[in-house]
Amino acid sequence: MAGMVLSGGTGARAQSAFESYGSSYRTISMPPNGAGSFAMSGDALPDGRIVAATGSEIWLERSARSGVFEIVARVDTSLLGGAMDPAFLRVSPSGGRLALGAGLGKPVVVFATTALGSAASPGQIHAANASVFAIPHYDAAWADDTHLGLSAGEFGSPSSVSLLDVTSSPASPHNPVIVRNIAGASAGLAFDSSGRLFTANGYGLGSGSATGTIRAFNASDWAGGPADFESGLGTTIGRVLSGTPLMFDHEGNLAVGGGDFSAGEFGYLAVINARSVSLALAGGGPIDISDAVSMKRLKPTADPFAFHGAAFNRATGDMYVTVADFVSGTNTWYATVPEPSVWASLLAAIVLSNRRRRE
């Protein structure tokens, strides 16, 4: 178990999450794909429990790290036009709202976390307690408690990112485009602690940026209208997999999923060191993906062709490497936990005890 290392023989230094990821994995069997659904999507609540959506059901972990899931709500399929095939399920920063992307041709549904019930009495998500936005979507990230970033695009055409005000009327949603002309398929998106938007080219069209090109934009970049992804206004962080999804942890390390067969890059989840992200933002140029100090590859499975996703649990510190088996309909998450080493902690306690005896 990775964590703390002795420094100079007199104390202990806590390893960063970046250093610890991948040292061990804890396997979580997630809910299987529900009836009529080909996917499952999930996130973590502020109390550390994982919440997941598939079919027409919302599942919730019984307690943090228990790995036991129960149905706590059902979504009225008349809102969706059938069972959902979830593109995403995202918990708002405060934990007060859930945003569900029901999939291709289906709406984005936003509802209060309090609409969830219990295993004994599941809640019902319906028109009276949810906002249903008939807007295109692929992936999403909360900018704050009321604004949801959404990536979207038609296959073979440039994609874009919009910013939905979830308090606006579903009949006339306020959903302005903030980044346009991504010369390729939709990809992931994430907001850092400074409010910068990170997004990527999910599959290059050959007329602009390459597959997996990740760029960051300040809010000022779209203040006067949408920023153009291909114009060079944003800061290029690097070219990694297919940039699907993008996910920050509590230290500012950036997880990047997907795969790029044209570049021979697949079969792992990438994690870019927070220091390397900061250096790129400061003008140091794109990261070098061959440099293990800048980026590490997490490979919890032996499947060399797996397209891994990611989720992060701020309550527990778990980084989840997600894997879906589309043939069997099963979903597995691998938690890699930056916990302190038990032995190093004991050694540090012994050193402290010896010091006190000498005083």
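Report, by residue number, each residue of the stretch 109-136 that is free of Cβ contacts under 8 Å to residues at least 24 places away in the same chain and surrounded by fewer than 21 Cβ atoms within 10 Å (Cβ to Cβ). Step through it out loud before you land on a result.
So in the stretch 109-136, the residues free of Cβ contacts under 8 Å to residues at least 24 places away in the same chain come out as 111-112, 114, 120-121, 128-129, 136.
Passing the criteria: A112, T114, A120, S121, A128, N129, P136.
Taking G212, is it under 29 Å from A324 (Cα atoms), crowded, with 23+ Cβ neighbours inside 10 Å and either β-branched (V, I, T) or out of contact with any strand residue (DSSP E or B) (no Cβ under 6 Å at 6 or more places or on another chain) (or both)?
Numbers: under 29 Å from A324 (Cα atoms): yes; crowded, with 23+ Cβ neighbours inside 10 Å: yes; either β-branched (V, I, T) or out of contact with any strand residue (DSSP E or B) (no Cβ under 6 Å at 6 or more places or on another chain) (or both): no.
No: the conditions fail for G212.
Suppose we filter D192, D165, D139 for residues that are at pLDDT 95 or above, more than 17 Å from I237 (Cα to Cα), surrounded by fewer than 20 Cβ atoms within 10 Å (Cβ to Cβ) and charged (D, E, K, R); which single one remains?
Details: D192 fails: more than 17 Å from I237 (Cα to Cα); D139 fails: surrounded by fewer than 20 Cβ atoms within 10 Å (Cβ to Cβ).
Just one listed residue meets the conditions, D165.
For (1) of a type in the set (S, T, N, Q); (2) closer than 17 Å to V91 by Cα; (3) assigned to a strand (DSSP E or B); (4) at pLDDT 95 or above, each residue gets a yes or a no:
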{"position": "T27", "(1), (2), (3), (4)": "yes, no, yes, yes"}
{"position": "S37", "(1), (2), (3), (4)": "yes, no, no, no"}
{"position": "G48", "(1), (2), (3), (4)": "no, yes, no, yes"}
{"position": "I58", "(1), (2), (3), (4)": "no, yes, yes, yes"}
{"position": "S66", "(1), (2), (3), (4)": "yes, no, no, yes"}
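Please give the strands (runs of 3 or more DSSP E) falling wholly within the stretch 146-201 in which 2 or more residues are of a type outside the set (V, I, T) and in contact with a Cys (Cβ under 9 Å, 6 or more places away or on another chain).
Strands (runs of 3 or more DSSP E) meeting the threshold: none at all.
Could you give every pair whose Cβ atoms fall below 9 Å, whose first residue belongs to the stretch 173-188 and is among the charged types (D, E, K, R), and whose second residue is in a strand (DSSP E or B) and at pLDDT 95 or above, counting only separations of at least 6 or pairs across chains?
Filtered contacts from the stretch 173-188: R180/S159; R180/S160; R180/V161; R180/A227; R180/D228.
Quick one: how many residues across the stretch 291-307 are under 15 Å from G258 (Cβ atoms), in contact with a Ser or Thr (Cβ under 9 Å, 6 or more places away or on another chain) and modelled with pLDDT under 95?
Here is the first cut: in the stretch 291-307, the ones under 15 Å from G258 (Cβ atoms) are 295, 297-299, 303-307.
Add one more test, that the residue is in contact with a Ser or Thr (Cβ under 9 Å, 6 or more places away or on another chain), and what stays is 295, 298, 307.
Of the ones still in play, those that are also modelled with pLDDT under 95 are 307.
Qualifying residue count, the stretch 291-307: 1.
Against the conditions (1) closer than 22 Å to G103 by Cβ; (2) without any contact (Cβ under 8 Å) to a residue 40 or more places away in the chain; (3) more than 18 Å from the chain's Cα centre (by Cα), where does S162 fall short? Just the number, please.
Every listed condition holds for S162 apart from (3).
Among the residues of the stretch 246-254, are any of a type in the set (G, A, S) and modelled with pLDDT under 95? Please lay out each step first, then the result.
Restricting attention to the stretch 246-254, the residues satisfying the condition of being of a type in the set (G, A, S) are 252.
Next cut, modelled with pLDDT under 95 only: none.
Among the residues of the stretch 246-254, not one is of a type in the set (G, A, S) and modelled with pLDDT under 95, which makes the answer no.
Show the residue pairs meeting these rules: Cβ distance below 7 Å; 6+ apart or different chains; first residue within the stretch 145-156 and touching a residue at least 40 places away in the same chain (Cβ under 8 Å); second residue of a type in the set (K, R).
Pairs that qualify, where the first residue is touching a residue at least 40 places away in the same chain (Cβ under 8 Å) and the partner is of a type in the set (K, R), are D145/R97.
Looking at E154 and the list (1) among the charged types (D, E, K, R); (2) surrounded by fewer than 22 Cβ atoms within 10 Å (Cβ to Cβ); (3) at pLDDT 95 or above, which single condition is not satisfied?
Evaluating E154 over (1) among the charged types (D, E, K, R); (2) surrounded by fewer than 22 Cβ atoms within 10 Å (Cβ to Cβ); (3) at pLDDT 95 or above leaves (3) as the failure.
Among the residues of the stretch 81-134, which ones are under 23 Å from the mean Cα position of the chain (by Cα), of a type in the set (S, T, Y) and more than 26 Å from G153 (Cβ to Cβ)?
S94, T113, T114
I'm trying to understand the selection: among the residues of the stretch 241-261, which are small (G, A, S), surrounded by fewer than 23 Cβ atoms within 10 Å (Cβ to Cβ) and closer than 18 Å to G202 by Cα? Full working, then the answer.
Taking the stretch 241-261 first, the residues small (G, A, S) are 242-243, 252, 255, 257-259.
Among the residues that remain, those that are also surrounded by fewer than 23 Cβ atoms within 10 Å (Cβ to Cβ) are: 252, 259.
Result: G259, single match.
Under the condition of being surrounded by fewer than 16 Cβ atoms within 10 Å (Cβ to Cβ) and of a type in the set (A, V, I, L, M), which residue from the stretch 282-303 is farthest from Q15 (Cα to Cα)?
A302
Return the residues of the stretch 268-281 that are surrounded by fewer than 19 Cβ atoms within 10 Å (Cβ to Cβ) and touching a strand residue (DSSP E or B) at 6+ places or on another chain (Cβ under 8 Å); say none if nothing qualifies.
Quick first cut of the stretch 268-281, residues surrounded by fewer than 19 Cβ atoms within 10 Å (Cβ to Cβ) only: 275, 278-279, 281.
L281 - this is the single residue of the stretch 268-281 that is surrounded by fewer than 19 Cβ atoms within 10 Å (Cβ to Cβ) and touching a strand residue (DSSP E or B) at 6+ places or on another chain (Cβ under 8 Å).
Has the stretch 217-226 got any residue that is of a type in the set (S, T, Y) and in contact (Cβ under 8 Å) with a residue 24 or more places away in the chain?
The initial filter retains those residues of the stretch 217-226 that are of a type in the set (S, T, Y), namely 220.
Next, only the ones that are in contact (Cβ under 8 Å) with a residue 24 or more places away in the chain stay: none.
Checked against the condition, which is being of a type in the set (S, T, Y) and in contact (Cβ under 8 Å) with a residue 24 or more places away in the chain, the stretch 217-226 yields no hits at all.
The values are calculated or read from the model by the stated rules, or taken from the named source; none is laboratory data. The structure displayed is predicted, hence computed values, not measured ones. Here the Cβ is made from the backbone with ideal geometry for all residues, glycine too, and neighbour counts use every protein chain on show.
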